[in-house]
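K.L.:
Take this structure, written in structure tokens, and hold onto it; I'll ask about it next.
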Amino acid sequence: MTIEAVIFDLDDLMIDSERFHFDALKRLMKKYGKSAPEDWFAPMIGLDNYECAEFVIRNAHLPLSVDAYLNQTLENLIELLPQMVKPNPGLLELIDMLTGSGIKLGVASNSFKKYVTLALESLDVIDSFACVITAEDVEQGKPAPDIYLLAAQCLEADPENCLALEDSPVGMIAALSAGMFCAVIPNQHIKGANFSDATHIFSSLVELTQALPDILSHNQQ
């Protein structure tokens, strides 16, 4: 097999952003005189926006529709964006190495399209990605394979020739269900997650970048 395309998740893979998503939630909860327990944090990682909204509205008894919740959450995230858009170590080097190798790049995220686009623009990497697919583009977000399948279609690559980069079990399941290889950099906020089905596991993007020549040559054999 030949790796024709690499598809990146965004949150906590490219940028250290999950904690800011929880800060956005705390801001919203405070507005309604409520608080967000810390033990909500890990279960929400990797869920799509609608699943997060339903989880919070149900457990906090918020007087909001899902759409109203999502609109307020997006506003809070965009306000916090300048604090979170710092590339994780190794990201820019990895992108440069992949583009230099002629490999097509895409993004597959469960988050808001506007937020994802603004984050990539702020990182000054958006031009490196031929396709940016989010949960807003498909019927079902991760862990369903829809986002990854659409990304592969957009990149004109067979799923079996794609490598997905993920940090959560939800994302890994989505990528593997799409028939892709999956390299995981485990999310530091998820304790005890099972990544045994991953094609590769690395401690960081730096380590992944160092191993990239071997990964690509192995898959071309």
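The values are calculated or read from the model by the stated rules, or taken from the named source; none is laboratory data. Since we're looking at a predicted model, the values are computed, not measured. Backbone-built Cβ (ideal geometry, glycine too); neighbour counts: all protein chains shown.
K.L.:
Is it true that some residue in segment 47-65 is closer than 30 Å to THR209 by Cα, of a type outside the set (S, T, N, Q) and in contact (Cβ under 8 Å) with a residue 12 or more places away in the chain?
P.N.:
Yes, segment 47-65 contains at least one residue that is closer than 30 Å to THR209 by Cα, of a type outside the set (S, T, N, Q) and in contact (Cβ under 8 Å) with a residue 12 or more places away in the chain.
K.L.:
Those residues that are basic (Lys, Arg), out of contact with any helix residue (DSSP H, G or I) (no Cβ under 8 Å at 6 or more places or on another chain) and either at pLDDT 90 or above or assigned to a loop (DSSP other than H, G, I, E, B) (or both), I need them from segment 7-57; list them, please.
P.N.:
The one that is basic (Lys, Arg), out of contact with any helix residue (DSSP H, G or I) (no Cβ under 8 Å at 6 or more places or on another chain) and either at pLDDT 90 or above or assigned to a loop (DSSP other than H, G, I, E, B) (or both): LYS30.
K.L.:
Search segment 119-140 for residues being assigned to a helix (DSSP H, G or I) and within 14 Å of the chain's Cα centre (by Cα), and hand back the single one that is surrounded by the fewest Cβ atoms within 10 Å (Cβ to Cβ).
P.N.:
So, considering only residues that are assigned to a helix (DSSP H, G or I) and within 14 Å of the chain's Cα centre (by Cα), the one surrounded by the fewest Cβ atoms within 10 Å (Cβ to Cβ) is GLU136.
K.L.:
Continuing with this model, one more query. Is there any pair with a first residue in segment 152-180 that is touching a residue at least 40 places away in the same chain (Cβ under 8 Å) and surrounded by fewer than 18 Cβ atoms within 10 Å (Cβ to Cβ) and a second that is part of a helix (DSSP H, G or I) and aromatic (Phe, Trp, Tyr) whose Cβ atoms are under 6 Å apart and which are 6 or more apart or on different chains, and what are they?
P.N.:
Note: no pairs meet the criteria.
K.L.:
Within the set of pairs 6 or more residues apart or between chains, which connect a residue that is crowded, with 19+ Cβ neighbours inside 10 Å inside segment 190-209 to a residue that is among the polar types (S, T, N, Q) with Cβ atoms less than 6 Å apart?
P.N.:
As it stands, the answer is LEU205/ASN88, since those pairs meet every condition given.
Rundown of residues vs (1) surrounded by fewer than 19 Cβ atoms within 10 Å (Cβ to Cβ); (2) touching a residue at least 12 places away in the same chain (Cβ under 8 Å); (3) aliphatic (A, V, I, L, M); (4) in contact with a Gly (Cβ under 6 Å, 6 or more places away or on another chain), yes/no style:
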position: THR2; (1), (2), (3), (4): yes, yes, no, no
position: LEU10; (1), (2), (3), (4): no, yes, yes, no
position: LEU13; (1), (2), (3), (4): no, yes, yes, no
position: ARG19; (1), (2), (3), (4): yes, yes, no, no
position: GLY33; (1), (2), (3), (4): yes, no, no, no
position: PHE41; (1), (2), (3), (4): yes, yes, no, no
position: MET44; (1), (2), (3), (4): yes, yes, yes, no
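K.L.:
Look through segment 119-142, keep the residues that are out of contact with any Leu (no Cβ under 9 Å at 6 or more places or on another chain) and at pLDDT below 95, and return whichever of them is nearest to ALA174 (Cα to Cα).
P.N.:
Ranking the candidates gives GLN140 first.
K.L.:
Restricting attention to segment 58-93, which residues are of a type in the set (A, V, I, L, M, F, W, C), at pLDDT below 95, part of a helix (DSSP H, G or I) and under 23 Å from ILE147 (Cβ atoms)?
P.N.:
VAL66, LEU70, LEU74, LEU77, ILE78, LEU81, MET84
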